[in-house]
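Values in this text are rule-based calculations from the coordinates and carry no lab data. A quick note: this is a predicted structure, and the numbers were derived from the prediction, not measured. Don't worry about glycine lacking a Cβ; one is built from the backbone with ideal geometry, like all the others, and counts go over all protein chains shown.
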Amino acid sequence: MSDATIDVTRGAGAPSYLSAGHRIRSWLLTTDHKRIAILYFAAITVFFLIGGAAATLMRMELFTPGADVVSADGYNKLFTLHGVIMVWFFLVPSIPTTLGNFVLPLAIGARDVAFPRLNLLSWYLTVAGGLLVLTSLLAGGVDTGWTFYTPYSSLYSNSYVTLAAMGVFVAGFGTIATGLNFIVTVHTQRTPGLTWGRLPLFVWAHYATSIIIVLGTPALAAALLMVVAERLFGLGLLDPARGGDPIIFQHVFWFYSHPAVYIMLLPGMGVVTEIITCFARRRVFGYPMMVAALLAIAVVSFFVWGHHMFVSGQSLYASLIFSFLSFVIAVPSAIKVFNWTATLYGGHITFESPMLYAMGFVGLFTLGGLSGLFLASVPIDVHVHDTYFVVAHFHYIMVGGTVAAFFAGLHFWWPKITGRTYPEAMAKAAAILMFLGFNFTFAPQFVLGYMGMPRRYHVYLDQFQVWHAASSLGAVLLAVAYILPVFYLGWSLVRGRPAGDDPWSATGLEWQTASPPPEHNFARLPIVREKPYAYHEHDEHPQEREATTHRAQGTGRTPGEARADGASGDGPRADDREEARE
Amino acid sequence: MSRVTSPGAEPNEPFLSWQRQREAATFGLWIFLASEVVFFGALIVAYGAHRFLYSAAFETAGAETNIWYGSINTAILLTSSATMAVAAWAAKAGLKRTVLIGLSLTAALGFAFLVLKGFEYREDIHEHLVPGSPAFPLAPAQTQIFFSYYWAMTGVHAIHLTIGIGAVLWIAFVVLTDRTDWTRSGTLHGLALYWHLIDVVWIVLYPLLYLAGRG
Ligand code: HEM
Ligand SMILES: [Cu+2]
């Protein structure tokens, strides 16, 4: 293709991905990773609201010791719904399918993910799974807890377990499709010069996450299959009366579900690394260790599942080994925290809203991780297993950590995704409120659990009320903090000022193309010439950010200059098949 | 047998070269296979645990599966892998007729497997070898566990095979109509990988389910 025939529908100067079609069809049948990210975003927002509604009802019930809002059975169904929706339909897909789908191909200078149609299929699978779960809710609900433990889920439950399990099963295939797609994309779609040692940690984090997804999720499918086969066809794998073993379900389930907690967490670590480097204007401290830590977590996470089963009657020796390995996995997690801190050291830190959320992530994740070490020691776990201590532990990591990171990334890339800026003061207020509200809600639960309040009960002894009431009040603040962004981000879509291509002067390749990006991302591929996060090499001081000396990951071009000649990089034309042909 | 390619065919988005697309498709399939291995692996490990616990019951029950159906089906499936391999290699050479013959034979053999399996299931049901059935003929109760694995594993395998047959027919259609440049796209190679996995899984299931208890 000669330059004379430059196709203005592609690359720079081309209409943005948002204006590439306005029909519903152009969204529902899109194969553009950016549009699929938006589809996912819409879907998981709905799921988050449903899961949040269940949480609200539970916190209302727990405000007083007696039963005043729901029955015992209703409460069982609420926490099951909450857990199933939040884990599989919000947290697992949250960052990878929205920010990951949107940013990952841009960050490696690709036109799209390797298998765009598979990407769309994964959205349909996730939505279909979600609809199955919601159907089970409308039909009457499920009362087994998100863990589907047998024999609750096999012999003793008359609720719609099969339907919900099928929903999770189907959505699991969607997740596997996403993981597979990311791995192949990172291997085959990187722009020239973007070697493995130059990949942004956001990309590495998604790579490590994808490995866990691909090797973990099928175990969940196997566990659910055993339950469904018993309920529907009377197979006896989990039925003790015939020699089956309910504990086998727990093993297979946690073989997936412990790694799954890292499916939820690692992408957040990736997001936070991008943000901390950007707002501290520092190269990340210890890049090789950051990568090694991600990969180490991905590997070791498959060998600690038994720490959920210390009181299940598993062998004491097994418990000790699982306990030891759980301490081991804390090491790479701690390395990440230390390296983020060291990245801040000597940086020119500014506290824009993404940075506030990211700082919140680091603090809350650290607390959650440290409480995990308590749980990993057998004697303490025997004391606090199945109490609010565990509830507090995983909420610190999943809500304090992952959800904060999701909001951090959302605020960071919002200008790229929508092309608009949001009211910064409001965003800062929401970030701070979220941090305070979160601690207000969940810190009391550590105390409650230590005092002996078991999880999954809707009534409790009077002595716990103080802490429960505090937690419920905190939840109000937290709810406000979650709802605020709906308003100001929504407002920004209509009234927000145009953001410009690189509002934060960040170095990632995604900032080199227009905001919002054109349908095919880059007209000319950017060529990468150096490591990521070259902040203090080029413009150390925040005030210099306004200056145009900023270089995006060593491509030697400022974003504005890049597009002046109708291209976003200096590499080969992105759609030049002739040149690339075998 | 002429080398047929569709002149206008381009690699799929976002690939710029056939080679990249081929690499990516093959690599993606290997990843998928890895996840399949975990899925079957979970069932097989659980089988191992139970067999270790109840070896006597497993031997009693294992002697009740029908070794004739199992063995003939093993032979059929192994043959189908050969015809699949022929199709995959013929695709590289652009031998359209050989590819189509190979795929048709593969699909036919896969279908024959399912038919035989259906007869076998009918016989099993006739003999009440169904866990949970009040007329289950064997004792002790743990023999039901063996048959739970039998049904779960062969059932899941049959579902995979059914999907495989569908995929083979679809790809045969793609080749027939030259919807993509199948000589260079690596499509057949990917299909073959999946088909061989189904075969390998069966090779593991066969001794676990048919040879146990026939010492
Ligand atoms: C620093 C590493 C970590 C350690 C040592 C650790 C340890 C533990 C232990 C021992 C338990 C079992 C407690 C019990 O049931 O009695 C547990 C529960 C849990 N953890 Fe962690 N954890 C760590 C990180 C994480 C992360 C990163 C997440 C999520 C992103 C997470 C989410 C959960 C969840 C959801 C549960 C409760 C599951 C349930 O029973 O419903 N943990 N953790
Ligand atoms: Cu765990």
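Before moving on, here are some points about what is shown:
- Inter-chain neighbour count for A:234-241: the average number of beta-carbon atoms from partner chains within 10 Å of each residue's beta-carbon is 6.
- Spin-label model, A:Val466 to B:Ala135: label points 7 Å out along the Cα-to-beta-carbon direction sit 6.8 nm apart.
- Here's how it looks for A:Thr64: its modeled amide H is under 5 Å from none belonging to a residue 5 or more places away or on a different chain.
- Using every pair of separate Cα atoms, the Kirkwood estimate puts the hydrodynamic radius of the stretch B:45-112 at 14.5 angstrom.
- Residue list for the stretch B:59-81, given a label point 7 angstrom along the Cα-to-Cβ vector of B:Leu33 and an amide N cut-off under 19 Å: B:77-81
- Paramagnetic reach from B:Ala85 (point 7 Å along Cα→Cβ, amide N under 18 Å) across the stretch B:199-213: B:199-204
- Per-residue Karplus couplings for the stretch A:316-323, computed as 6.51 cos²θ - 1.76 cosθ + 1.60 with θ equal to phi - 60°, are listed in order as 4, 5, 4, 4, 5, 5, 5, 4 Hz, Gly and Pro entered as x.
- Stokes-Einstein diffusion coefficient of the stretch B:13-130, Kirkwood radius over Cα pairs, 10 °C, 1.306 mPa s, in µm²/s: 89 µm²/s
- Dipole-positive endmost among B:Phe32, A:Pro532, B:Ala75 within the protein assembly as shown (Cβ charges, Cα centre): A:Pro532
- Calculated mean residue ellipticity at 222 nm for the protein assembly as shown: -21500 deg cm²/dmol, from DSSP H runs with n ≥ 4 weighted as -39500 (n - 2.57), summed, divided by the residue count and rounded to 500.
- Charge dipole of the stretch B:40-210 about the Cα centre (unit charges at C-beta), most positive-ward option of B:Leu197, B:Thr187, B:Ala112: B:Thr187
- A straight chain from A:Glu530 to A:Met451 at 0.36 nm per residue would run longer than the Cα-Cα distance by 23.1 nm.
- Theoretical FRET efficiency, 1/(1+(r/R0)^6), r = Cβ-Cβ of B:Ile101 and A:Trp27, R0 30 Å, to 0.05: 0.10
- The long axis of helix A:287-300 is offset from the longest Cα principal axis of chain A by roughly 30 degrees.
- FRET E, pair A:Val337, A:Thr195, Förster distance 35 Å, beta-carbon r, rounded to 0.05: 0.85
- Cα-based helix-to-principal-axis angle, B:96-126 vs chain B, degrees rounded to 10: 20 degrees
- log10 of Debye I(q)/I(0), alpha-carbon scatterers only, for the stretch A:102-202 at 0.16 Å⁻¹: -0.73
- Selection of chymotrypsin sites (Phe, Trp or Tyr not before Pro), the stretch A:129-194, meeting DSSP coil and at most 14 other Cβ within 10 Å: A:Tyr156
- Sequence-separation-based contact order of the stretch A:35-495, relative, with Cα cut under 8 Å and 6+ spacing, percent: 16 percent
- Per-residue ³J(HN,Hα) for the stretch B:34-50, Karplus 6.51 cos²θ - 1.76 cosθ + 1.60, θ = phi - 60°, Hz, x for Gly and Pro: 4, 6, 5, 5, 5, 4, 5, x, 4, 5, 5, 5, 4, 4, x, 4, 5
- Working note: Karplus 6.51/-1.76/1.60 with θ = phi - 60° gives the stretch B:15-24 the couplings 7, 9, 10, 4, 4, 4, 4, 4, 4, 5 Hz, where Gly and Pro are set to x.
- Label-point separation in nm, A:Tyr317 to A:Ala429, each point 7 Å along Cα→Cβ: 6.2 nm
- Separation between Cα centres of the stretch A:129-200 and the stretch A:401-446, rounded to whole Å: 25 Å
- Per-residue average of Cβ from other chains inside 10 Å of B:26-39: 6
- Part-to-part distance (alpha-carbon centres) for the stretch A:462-512 and the stretch B:144-215, which is given in Å: 48 Å
- Kirkwood hydrodynamic radius of the stretch A:35-495, from the reciprocal of the average inverse Cα-Cα distance over all distinct pairs: 22.4 Å.
- Relative contact order of chain B, pairs being alpha-carbon contacts under 8 Å that are 6 or more residues apart, as %: 39 percent
- Distance (nanometres) between label positions extended 7 Å along Cα→Cβ at A:Phe303 and A:Thr350: 4.5 nm
- Protection proxy ranking of A:407-419, B:131-143, by the mean of other Cβ atoms within 10 Å over each peptide's residues and highest first, is A:407-419, B:131-143.
- Residues with amide H under 5 Å from that of A:Arg420, placed H, sequence gap 5 or more: A:Ala499
- For A:Thr387, nonlocal amide neighbours, meaning residues 5 or more places apart or on other chains whose placed amide H falls under 5 Å from its own, are A:Arg455.
- Given +1 at the Cβ of Lys and Arg, -1 at the Cβ of Asp and Glu and no other charges, the dipole of chain A around its Cα centre is 340 debye to the nearest 20.
- Test item: Cα-centred dipole of the stretch A:393-538, Lys/Arg +1 and Asp/Glu -1 on Cβ, debye: 140 debye
- On a per residue basis, the convex hull of the C-alpha atoms belonging to the protein assembly as shown measures out at 159 Å³.
- In degrees, nearest ten, helix B:143-177 long axis to first principal axis of chain B (Cα): 10 degrees
- Column: log10 I(q)/I(0), Debye, Cα scatterers of the stretch A:221-269, q = 0.20, 0.27, 0.29, 0.32 Å⁻¹: -0.66, -0.94, -1.01, -1.11
- Under 23 Å, Cα to Cα: Lys pairs in the protein assembly as shown, sequence gap 8 or more or different chains: 4
- Dimensions of chain B along the principal axes, based on C-alpha atoms and rounded to the nearest Å, stand at 66, 28, 28, largest first.
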